[in-house]
1. Taking every pair of alpha-carbon atoms in the stretch 366-490, give the share separated by more than 20 Å as a whole percent.
2. Taking every pair of alpha-carbon atoms in the stretch 5-382, give the share separated by more than 25 Å as a whole percent.
3. Rounding to the nearest 10 and keeping the result within 0 to 90°, find how far the Cα-based axis of helix 158-182 lies from the longest principal axis of the chain.
4. Could you check what % of the DSSP bridge pairs in the chain are antiparallel, to the nearest 5?
5. Give the distance, in whole Å, between the Cα centre of the stretch 250-278 and the Cα centre of the stretch 160-179.
6. Among Val290, Gln457, His491, whose Cα projects farthest towards the positive end of the dipole of the chain, with charges put on the beta-carbon of Lys, Arg (+1) and Asp, Glu (-1)?
7. Relative to the longest principal Cα axis of the chain, at what angle does helix 446-468 sit, 0 to 90 degrees, rounded to 10?
8. Whose amide H sits under 5 Å from the amide H of Gly99, counting only residues 5 or more places off or on another chain, with H placed in the peptide plane?
Amino acid sequence: MTQPNIVVVMADQLAPHWTGAYGHSVAQTPHIDALAARGMRFDAAYCNSPLCAPSRFAFMSGQLISRIAAYDNASEFRASVPTFAHYLKALGYRTCLSGKMHFVGPDQKHGFQDRVTTDIYPADFAWTPDWEAPDERIDKWYHNMQTVKESGVAIATFQTDYDDEVGFAARRWLIDRGRERASGDETPFCLVASFIHPHDPYVAKPEWWDLYADEDIPMPDYVPPLDQQDPFSRRVMDGIEASFVPLSEEEVRRARRAYLANVSYFDSKVGEIVKAIDDVGERENTIVIVTADHGDMLGERGLWYKMNFFEHSARVPLIMAGPTIAQGVAGNACSLLDLLPTFVEIAGGRAEDLGEPVDGRSLMPLARGEMDPVDEAIGEYCAEMTPYPVFMIRRGPLKYIHCDADPPQLYDLVADPMETQNLAKDPSYADAAQAFADEVADRWDSEALRSNIMATQKSRRALHAAMEAGAGEHWDYNPPSDASQQYVRNHMDWTVAADHYRLDPRSSDDRES
């Protein structure tokens, strides 16, 4: 088999629980569901840090955030870190990013040959936390409950503007690959189309809002009283103002309805990308992956957004469909770290091709329906609303969460999927709890990591102040565009240009002939 194309469609802040493919009772996600029906659904996939930039840097590099110092949304993603885009390009692929990846630093491509949109968030050090004052809010960019209170309907938002552009640019890039196929160029390609929805603000277009009714929207399943919240959850609640800004039932329901509407909007973008693949005759030679950078609590446990390792925040959808992918469900724990070695295997690469060690493993055995002895996901959170690193180990049915400042947490996700009972002090789980505690101490030097995090924060705050004063150039990406080479120009034969741009319907038989 030739090298298959790889197309990743990535959501932002999509908890798998809110899709039809993962069993939501009212979610309308027909395109995601269709991919799951003909491919492999991974039921225990996790992000490696429940925050946008760190999660994405781990996804791109296959390395834990502590290894590459990708601590928060203002950590630089160093140009010296190899990514799957680098490896795939070296293996003969044409690569493209359309949409968000929250790269921080002067390198805004990280191995992608093409990048066809700008990013939606700043690329500098503006969003640096301060662990010297972990209890202080940064009101300019911290989440708060006003976002929930303002949920509802709008004709357009900055997010819909962005995602419409991302979808258009991705589809056009795929159509251009079809034009090249028609001219005899069979270069395999990798496209990452990365959307901002259903990330808050929870504001939906009317056509998606109207898919749902208030009475159909489920309310949070488990909300412990404030005085029974674990210390880390309480710090997050204080940071996002959830502990002292009350929400009415109507406000919670409206936010969850808008989120669900925006999940359906994202699903429509998945459909557009899949249709473009079909339009250029590449369905039978393209592996499609749908995933997200992290989830959203949406009021579960009294929490909103992400920044914690509970299931709605830390788990992500992961669906793969295409050639060599079996139909089924994979229950093994895995994470976004595993996608880099997966892509390298798909492309025919070898472990010896990797420029740096990776912390993940290929998921292709699971994707083919084979056994995998590994059933593990590792997480690290080193950003705002905590004074110490937070670590997670998910192995088999158990999840262990550790932070030096807090009591440990242990959950049995088979017996207690809503994580209502902390078993860290339960005598029947004493051996498991001790084994996890020993493993945390062996895996991580929390004090040393904390010192390094604080040193980088101080450095980045100083650099940001200088950049705000005018030092250097901004890093925000400007997609190149040369109008002199577009459509029909004087140096072109318009009939030749028309023939090049015309792309007739192609089937897989056309591609193989």
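1. Working: 4937 of 7750 pairs.
The answer is 64 percent, as a whole percent.
2. Details: 37271 of 71253 pairs.
Above the 25 Å cut-off, the stretch 5-382 has 52 percent of its Cα pairs.
3. Around 40 degrees separate the two axes.
4. Working: 23 of 51 bridges.
Counting DSSP beta bridges with both partners in the chain, the antiparallel share is about 45 percent.
5. Measuring centre to centre over Cα atoms gives 17 Å.
6. Most positive-ward Cα: His491.
7. 60
8. Those qualifying (amide H under 5 Å, at least 5 residues apart or on another chain) are Val116, Thr117, Ser194.
Rule-based calculations on the coordinates, nothing more; no lab input. Worth saying up front: this structure is predicted, and the values here are computed from it rather than measured. Positions of Cβ are backbone-derived with ideal geometry, glycine not excepted, and every protein chain shown enters the neighbour counts.
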